[in-house]
Amino acid sequence: LTGVLDDCLCDIESIDDFNTFKIFPKIQKLQERDYFRYYKVNLKRPCPFWADDGHCSIKDCHVEPCPESKIPVGIKAGSTNKYSKAANHSKELEDCEQANKLGAVNSTLSNQSKEAFIDWARYDDSQDHFCELDDERSPDAQYVDLLLNPERYTGYKGPSAWRVWNSIYEENCFKPRSVYRPLNPLAPSRVWHLFVLVFFWTGLCLEKRVFYKLISGLHASINLHLCANYLLEETWGKPRWGPNVKEFTRRFDPVETKGEGPRRLKNLYFLYLIELRALSKVAPYFERSVVDLYTGNGHEDAESKALLLDIFRDTKSFHMHFDEKSMFAGDKKGAKSLKEEFRLHFKNISRIMDCVGCDKCRLWGKLQTQGLGTALKILFSEKEIQSLPENSPSKGFQLTRQEIVALVNAFGR
């Protein structure tokens, strides 16, 4: 795969070199650190769009939740919106508040800290989320160790899996009205190819092309990981996982896919550029001293933040970023309406992830969708990020711990 990507001034070879030698080794190390390896997720939320057709019965679909005793104290204490030592003390305050008014037990805290707690509490109700967020207070929400539950092929396929992707593409992707529905990919390839030819790109503005390419890139990413970590054989109950070249060829080879495979892979590179751009834009948020990436282990927290800031410096050094300023740049009323439509479409896609019948697929689908949603939220919040106060939380822009974990892990995928 070579050449320049559509809708941006960047070539694939430059991205490969930049990622291989600068970004990937560091992002891999970051994902292994406690702050980023534990993700809280509710895998029992019902599908909001159709009757649940049952979960995957294959044992590899199972997700093993993390025992409470294994979760770092700084992560499980207080609200997961909070990421600094000072903020996590708020849980203690909540307990005391039952007997005393907040002001009475809070005499040692600055007014700035009190304001921070109020801001964080309010923030969940904000209107800038691109994803349907899990209620982390739900008894069904559990911590998962992402390192012990890797994304890989589980055997989940067929009509149930196809219906999820069909719903995503048909109901949520901007496209010409003349296209009624994506045909079943299990149908003969000649018919599928006819759909693809009709689909691209007649009448689509930049924003709608971007939206489609992000979803296609996410789909390609997930398919690539299934091919790269495939159950090759199971002998005497011992599975052997590894790359399945035949499966990769079936999904991406130009001949097998009538030329469509390389386009899917290019969309993956486009997705990479979007999330890379978001990381470079959000750097000022994390460069502030108020952000600690708090787990309760001071030494590890300091190392995690130093590594994250190092990655941010690398992202800023990349000279061929996607220019998001070209999006929603029309008349104010039309641009605002299109942006809101963009947000609602993507939020709907995050809800469809609750319809995935395999728990492990659902876990990684929800995480990567939330990561992309967080990236979009960042790109559309540039002014708020630029005006962040140095030593107190921002009233205009805030990230929950879940969004931070999802952003880093989605980009890592």
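The values are calculated or read from the model by the stated rules, or taken from the named source; none is laboratory data. The shown structure was predicted, so the numbers you read here are calculated from the model rather than taken from an experiment. A quick note on method: Cβ atoms are made from the backbone with ideal geometry, for glycine too, and the neighbour counts reach across all protein chains shown. These area figures cover heavy atoms from the full protein model, side chains too; ligands, DNA and RNA do not enter into them. Shrake-Rupley method; radii C 1.70, N 1.55, O 1.52, S 1.80 Å.
Test residue 290 against the criterion of being farther than 22 Å from residue 406 by Cα, aliphatic (A, V, I, L, M) and more than 23 Å from the chain's Cα centre (by Cα), and give yes or no.
Working: farther than 22 Å from residue 406 by Cα: no; aliphatic (A, V, I, L, M): yes; more than 23 Å from the chain's Cα centre (by Cα): yes.
Criteria not met by residue 290.
Tally time: how many residues in region 206-234 are more than 22 Å from residue 360 (Cβ to Cβ) and either open to solvent by 50 Å² or more (accessible area, probe 1.4 Å) or of a type in the set (A, V, I, L, M) (or both)?
Looking only at that region, the number is 5.
In this structure, does residue 363 turn out to be without any contact (Cβ under 8 Å) to a residue 24 or more places away in the chain, within 23 Å of residue 222 (Cα to Cα) and outside any loop (DSSP other than H, G, I, E, B)? Outline the logic, then answer.
Details: without any contact (Cβ under 8 Å) to a residue 24 or more places away in the chain: no; within 23 Å of residue 222 (Cα to Cα): yes; outside any loop (DSSP other than H, G, I, E, B): yes.
Considered against the rule, which asks whether it is without any contact (Cβ under 8 Å) to a residue 24 or more places away in the chain, within 23 Å of residue 222 (Cα to Cα) and outside any loop (DSSP other than H, G, I, E, B), residue 363 comes out as no.
Answer yes or no as to whether residue 367 is under 30 Å from residue 50 (Cβ atoms) and of a type in the set (A, V, I, L, M). Quick ask: steps written out before the conclusion?
Numbers: under 30 Å from residue 50 (Cβ atoms): yes; of a type in the set (A, V, I, L, M): yes.
Yes; evaluated as a whole, the condition is true for this residue.
Could you list all residues from region 153-178 that are modelled with pLDDT of 80 or more and polar (S, T, N, Q)? Lay out the reasoning, then the answer.
Taking region 153-178 and keeping what is modelled with pLDDT of 80 or more, we get 153-169.
Across region 153-178, the qualifying residues are 154, 160, 166, 167.
Got at least one residue in region 59-69 being in a helix (DSSP H, G or I), at pLDDT 90 or above and in contact with an Asp or Glu (Cβ under 8 Å, 6 or more places away or on another chain)? Give the derivation first.
Residues of region 59-69 that are in a helix (DSSP H, G or I), as a first pass: 59-61, 68-69.
Add one more test, that the residue is at pLDDT 90 or above, and what stays is none.
No, the conditions are met nowhere in region 59-69.
Would you mind stating whether residue 403 is in a loop (DSSP other than H, G, I, E, B) and either out of contact with any Asp or Glu (no Cβ under 8 Å at 6 or more places or on another chain) or surrounded by 23 or more Cβ atoms within 10 Å (Cβ to Cβ) (or both)?
On the way: in a loop (DSSP other than H, G, I, E, B): no; either out of contact with any Asp or Glu (no Cβ under 8 Å at 6 or more places or on another chain) or surrounded by 23 or more Cβ atoms within 10 Å (Cβ to Cβ) (or both): yes.
Considered against the rule, which asks whether it is in a loop (DSSP other than H, G, I, E, B) and either out of contact with any Asp or Glu (no Cβ under 8 Å at 6 or more places or on another chain) or surrounded by 23 or more Cβ atoms within 10 Å (Cβ to Cβ) (or both), residue 403 comes out as no.
Tell me the residue from 258, 266 that is of a type in the set (Lys, Arg), touching a residue at least 60 places away in the same chain (Cβ under 8 Å) and within 30 Å of residue 399 (Cβ to Cβ), please. Give the derivation first.
Values: 258 fails: within 30 Å of residue 399 (Cβ to Cβ).
On inspection, the qualifying residue turns out to be 266.
Hey, can you tell me all the residues within region 299-311 that are touching a residue at least 40 places away in the same chain (Cβ under 8 Å) and not polar (S, T, N, Q)? Quick ask: steps written out before the conclusion?
Looking only at region 299-311, we keep the residues that are touching a residue at least 40 places away in the same chain (Cβ under 8 Å), and these are 300-301, 303-304, 307-308, 310-311.
Matches in region 299-311: 300, 301, 303, 307, 308, 310, 311.
Residues are listed down the side, and each one gets a yes or a no for (1) under 19 Å from residue 28 (Cα atoms); (2) open to solvent by 10 Å² or more (accessible area, probe 1.4 Å); (3) among the hydroxyl-bearing types (Ser, Thr, Tyr):
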| site | (1), (2), (3) |
| --- | --- |
| 369 | no, no, yes |
| 373 | no, no, no |
| 376 | no, no, no |
| 380 | no, yes, no |
| 383 | no, yes, no |
| 386 | no, yes, no |
| 408 | yes, no, no |
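For a quick check of your reading of the model, give me the residue pairs whose first member lies in region 219-241 and is within 20 Å of residue 59 (Cβ to Cβ) and without any contact (Cβ under 8 Å) to a residue 40 or more places away in the chain, whose second is open to solvent by less than 40 Å² (accessible area, probe 1.4 Å) and among the polar types (S, T, N, Q), with beta-carbon atoms closer than 7 Å and at least 6 apart or on different chains.
232/244
Give region 370-413 a look and list any residue that's under 19 Å from the mean Cα position of the chain (by Cα) and polar (S, T, N, Q), or say none.
370, 374, 381, 398, 400, 402, 409, listed by residue number.
Which one of 334, 330 is modelled with pLDDT under 85, out of contact with any helix residue (DSSP H, G or I) (no Cβ under 6 Å at 6 or more places or on another chain) and assigned to a loop (DSSP other than H, G, I, E, B)? Before the answer, list the steps.
Values: 334 fails: assigned to a loop (DSSP other than H, G, I, E, B).
Being modelled with pLDDT under 85, out of contact with any helix residue (DSSP H, G or I) (no Cβ under 6 Å at 6 or more places or on another chain) and assigned to a loop (DSSP other than H, G, I, E, B) holds for just one of 334, 330, which is 330.
Can you spot a residue in region 137-152 that is assigned to a helix (DSSP H, G or I) and either over 23 Å from residue 377 (Cα atoms) or modelled with pLDDT of 90 or more (or both)? It would help to see each step written out before you state the result.
Here is the first cut: in region 137-152, the residues assigned to a helix (DSSP H, G or I) are none.
There is no residue in region 137-152 that is assigned to a helix (DSSP H, G or I) and either over 23 Å from residue 377 (Cα atoms) or modelled with pLDDT of 90 or more (or both).
Residues 323, 314: which one is loosely packed, with under 13 Cβ neighbours inside 10 Å and in contact (Cβ under 8 Å) with a residue 60 or more places away in the chain?
Working: 314 fails: loosely packed, with under 13 Cβ neighbours inside 10 Å.
So the residue among 323, 314 that is loosely packed, with under 13 Cβ neighbours inside 10 Å and in contact (Cβ under 8 Å) with a residue 60 or more places away in the chain is 323.
Could you list all residues from region 236-277 that are under 13 Å from residue 223 (Cβ atoms), under 19 Å from the mean Cα position of the chain (by Cα) and either open to solvent by 60 Å² or more (accessible area, probe 1.4 Å) or hydrophobic (A, V, I, L, M, F, W, C) (or both)?
Within region 236-277, 265, 268, 271 qualify.
Among the residues of region 341-350, are any open to solvent by less than 20 Å² (accessible area, probe 1.4 Å), of a type outside the set (Asp, Glu) and at pLDDT 90 or above? Spell out how you get there, then give the answer.
Restricting attention to region 341-350, the residues satisfying the condition of being open to solvent by less than 20 Å² (accessible area, probe 1.4 Å) are 342, 346, 349-350.
After this cut, where a residue has to be of a type outside the set (Asp, Glu) as well, the list is 342, 346, 349-350.
Filter once more, keeping what is at pLDDT 90 or above: none.
No, every residue in region 341-350 fails to be open to solvent by less than 20 Å² (accessible area, probe 1.4 Å), of a type outside the set (Asp, Glu) and at pLDDT 90 or above.
Could you tell me whether residue 108 is modelled with pLDDT of 70 or more and in a loop (DSSP other than H, G, I, E, B)? Write out each step before concluding.
Details: modelled with pLDDT of 70 or more: no; in a loop (DSSP other than H, G, I, E, B): yes.
No; evaluated as a whole, the condition is false for this residue.
Could you grab me the full set of residues in region 286-311 that are open to solvent by less than 20 Å² (accessible area, probe 1.4 Å) and among the aromatic types (Phe, Trp, Tyr)?
Of region 286-311, the ones open to solvent by less than 20 Å² (accessible area, probe 1.4 Å) are 286, 288, 291, 293, 295, 301, 304, 308, 311.
Result: 286, single match.
Taking into account only those residues within region 1-36 that are among the aromatic types (Phe, Trp, Tyr) and surrounded by 18 or more Cβ atoms within 10 Å (Cβ to Cβ), which is farthest from residue 298 (Cα to Cα)?
Among residues in region 1-36 that are among the aromatic types (Phe, Trp, Tyr) and surrounded by 18 or more Cβ atoms within 10 Å (Cβ to Cβ), the one farthest from residue 298 (Cα to Cα) is 18.
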